[in-house]
1. Roughly what percent of Cα-Cα pairs across region 507-628 reach past 22 Å?
2. Expressed in whole Å with the largest first, what are the equivalent ellipsoid semi-axes of region 455-566 derived from the C-alpha gyration tensor as the square root of 5 times each eigenvalue?
3. Give me a comma-separated list of calculated 3J(HN,Hα) values for region 388-396, in order, Karplus coefficients 6.51, -1.76, 1.60 applied at θ = phi - 60°, integers in Hz, x for any Gly or Pro.
4. Would you mind getting the Kirkwood hydrodynamic radius of region 67-146 from its Cα pairs, rounded to one decimal in Å?
5. Which aspartates and glutamates have a Cα lying under 20 Å from the Cα of LYS393, excluding residues fewer than 8 positions away in the same chain?
6. Please give the contour-minus-distance gain from SER531 to ASP554: 0.36 nm per residue of separation, less the Cα-Cα distance, rounded to one decimal in nm.
7. For region 332-349, take each phi angle, set θ = phi - 60°, evaluate the Karplus expression 6.51 cos²θ - 1.76 cosθ + 1.60, and give the result in whole Hz per residue in order, putting x for glycine and proline.
8. Quick one, can you get me the convex hull of the C-alpha atoms of region 338-410 expressed as volume per residue in Å³?
Amino acid sequence: MRRSYAVGLVAFILCFATQGFAQFQAPMQDELKMTADPKYPDAEAVYLNYEKKTDNMVGYESVYARIKILKESAKELATVTIVYPKSQAFAGIAAIQGRTIHPDGTMTPLNMKPQDLTEQKSADMEVRRMVFNLPSVEVGSIIEYYYQLRLKEEQGFTGEHWMMPPQWEVQRRFPVYKEHFSFQPARENLGNSLLWYTNLPSGQRMRPDAAGRFELTLRDMPPLADEKWAPPIESTRYRVIFYFTGEVSGQQYWDTAAKTWLKDVNRFAEPSATIKQAAAGIVAPGDAELDRAKKLYAAVQALDNTDFSRKKTEAERKREGLKSTKHAEDVWNQKSGDGEEIALLYLALLKAAGVKAYPMIVVNRDRGIFNPDYLDFNQFDDVVIVLSTSDGKEIVLDPGEKMCPFQMVSWKNSGAGGIRETSSGVGPWATPLLPYSANVVVRRAELTVTPDGSVNGKLQFSMSGQEALRWRQESLREDEDALKKRFDEWLRTQVPSGMETHVTHFAKLDDPSADLAAYATVSGVPGTATSKRLLLPASFFAHSEDQGFIAQPDRQLPVDMHYASVYKDGVLMHLPVGLTVESAPPTTAVPWTGYAVFQIKSTPSGNDLTITRTLARAFTLLQPDDYSSMRDFYQKVSAADQQQIVLTNSTTAQKGN
């Protein structure tokens with residue numbers, strides 16, 4: 001009887017929840033007439049209302065939204081995707097309603113039932129993605145929809161299996177006028193502790209009420225800031241994440257998780273007899289420790305890294321008689337593994353060769369920032385190896401990053417927080433940022449100038465560090481023709497508008513120990529010719545990293561330039577007979593002490609003119625408080641770059657005299 005009562009009560013509550021939202025809100029006249037948001041005039045849409053409810057006592061989750069479409073690009077919001085886990089505990093989508101309200105107040109209902117939804121293919125095999133489209137959406141429409149997910153009733157009413165900790169995306173691409181979130185946890189959570197991570201506007205706090213329910217109501221939420229060179233958006237957006245853990249404190253969680261991770265690493269990277277034999281075949285007895293580390297690094301870099309190639313399916317592995325990868329020796333024997341497996345194989349080989357090294361797992365800085373307040377080990381992405389030399393130095397290596405040179409890491413794993421082993425145990429650490437000297441791009445041009453202002457010539461690019469790594473990894477994913485096409489597209493961003501560039505060949509593309517070189521041809525009309533003068537840009541090569549800073553007077557988010565770098569430019573111009581240099585950029589230096597320095601210089605010699613330009617940027621990360629100084633620096637750089645070379649027609653000048 002108790003079971004029947006419980007099931008009946010669940011059905012009643014679910015039915016009531018569905019019917020409760022059947023009455024959508026009547027639109028206000030100012031909502032129908034709205035053509036732009038006065039506070040955010042560039043907004044493509046606004047959320048008039050958003051509500052998300054999760055109830056683990058009953059076992060359902062619902063979403064309600066009302067959105068005003070302001071621009072053509074926002075019509076994509078009419079396609080709504082419902083994502084939920086592929087779990088037998090889920091009954092699926094219990095209810096769906098929707099309608100489109102047109103600017104004149106007429107309405108077009110969504111005539112669809114849950115069973116009519118279209119399933120969208122997903123790369124994530126653990127979730128199901130169901131899609132529906134609101135009808136007849138146009139600019140000025142208000143779209144309104146509601147859907148409900150629920151669990152199967154036979155899982156029990158006690159809530160012991162209904163554990164759906166929600167995530168509240170408080171901040172979105174578009175402004176939100178009013179939003180409400182609620183979460184009722186189950187009374188029983190299988191012994192797990194409910195925790196929550198919050199990043200909310202100043203003054204906003206969230207605590208459960210006497211019944212254990214969490215409620216959050218917010219008004220006038222600004223859209224996500226769209227700023228160039230910003231940290232990953234997930235690290236700054238306002239949101240709330242609920243989750244369950246068996247630990248009662250952050251310190252206890254990280255201590256336990258770190259020790260468990262290290263135990264698994266040591267099991268995988270155990271230097272077995274096979275690993276010791278492999279290491280002995282690579283290094284020589286008299287090798288210094290750094291030479292041993294370098295030889296072993298080259299050996300693992302030569303393996304097939306499946307992060308950059310097609311990973312074999314389980315059926316293919318079975319057909320070829322390949323074992324599942326459980327230990328480092330499996331990776332070595334199969335000459336293949338993903339980035340993490342190759343990194344741990346390298347650790348095993350170092351141990352076998354008597355080189356002291358420690359594993360570290362980090363958050364990929366392109367994806368997020370390590371947050372110790374969020375107790376989830378799944379924050380971490382990549383494994384790097386910290387080499388500890390006999391003279392007390394520590395060198396971070398990135399063997400799981402294909403084509404990454406020895407003693408360098410991908411920028412995504414530099415300045416990255418994580419967990420590492422040390423001589424005294426295991427705990428939090430951060431990898432160092434890359435120095436600017438490690439990332440150098442040298443751009444050379446030899447150009448022949450004609451009297452009408454057109455030029456043709458050759459380009460040579462030399463790269464070390466991150467740009468070289470980027471193009472080498474691109475070469476692993478594409479054939480030569482596709483790589484050249486992509487490089488041509490990038491070259492067009494490096495030279496004046498309208499110039500034609502074509503890469504002819506690369507050098508050292510497959511040798512990470514050397515600088516990567518690219519050779520190209522260039523032609524076009526970068527200058528302007530008059531009857532007496534020819535005007536040419538002083539800076540032939542563009543520098544794209546300052547784009548957006550000059551036009552953006554204020555900054556909300558920190559600046560993340562990924563890595564420090566140096567650009568060195570040299571342009572040799574062969575001037576036509578009859579034209580002489582009337583003026584050229586004077587030697588100019590723009591220092592920003594401790595952060596960056598810029599210099600440009602022109603040197604005439606007969607019928608030749610050489611322009612040299614250097615921009616060295618030592619910083620990677622900046623807080624918004626430093627933004628005005630950075631913007632001032634780039635404004636001065638831009639002013640120097642916009643100078644012109646003025647050539648005078650000497651024949652015309654003599655006649656005029």
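1. Values: 3955 of 7381 pairs.
Of all Cα-Cα pairs in region 507-628, 54 percent lie more than 22 Å apart.
2. Working from the Cα gyration tensor, I get semi-axes of 27, 24, 12 Å.
3. Along region 388-396, the couplings run 10, 7, 5, 8, x, 8, 10, 10, 8 Hz.
4. 13.7 Å
5. Cross-link targets: ASP287, GLU289, ASP291, GLU421.
6. 3.9 nm
7. Residue by residue, region 332-349 yields 5, 5, 8, 6, 7, x, 7, x, 5, 5, 5, 4, 6, 4, 4, 4, 5, 5 Hz.
8. Values: hull volume 7.7 nm³, N = 73.
It comes to 106 Å³ per residue, whole-number rounded.
The values are calculated or read from the model by the stated rules, or taken from the named source; none is laboratory data. Small disclaimer: the values here were computed from a predicted structure and weren't measured. Neighbour counts are summed over all protein chains in view; Cβ atoms, including those assigned to glycine, are modelled from backbone coordinates with ideal geometry. Only protein heavy atoms, including side chains, enter the accessible area calculation; ligands, DNA and RNA are left aside. Shrake-Rupley method; radii C 1.70, N 1.55, O 1.52, S 1.80 Å.
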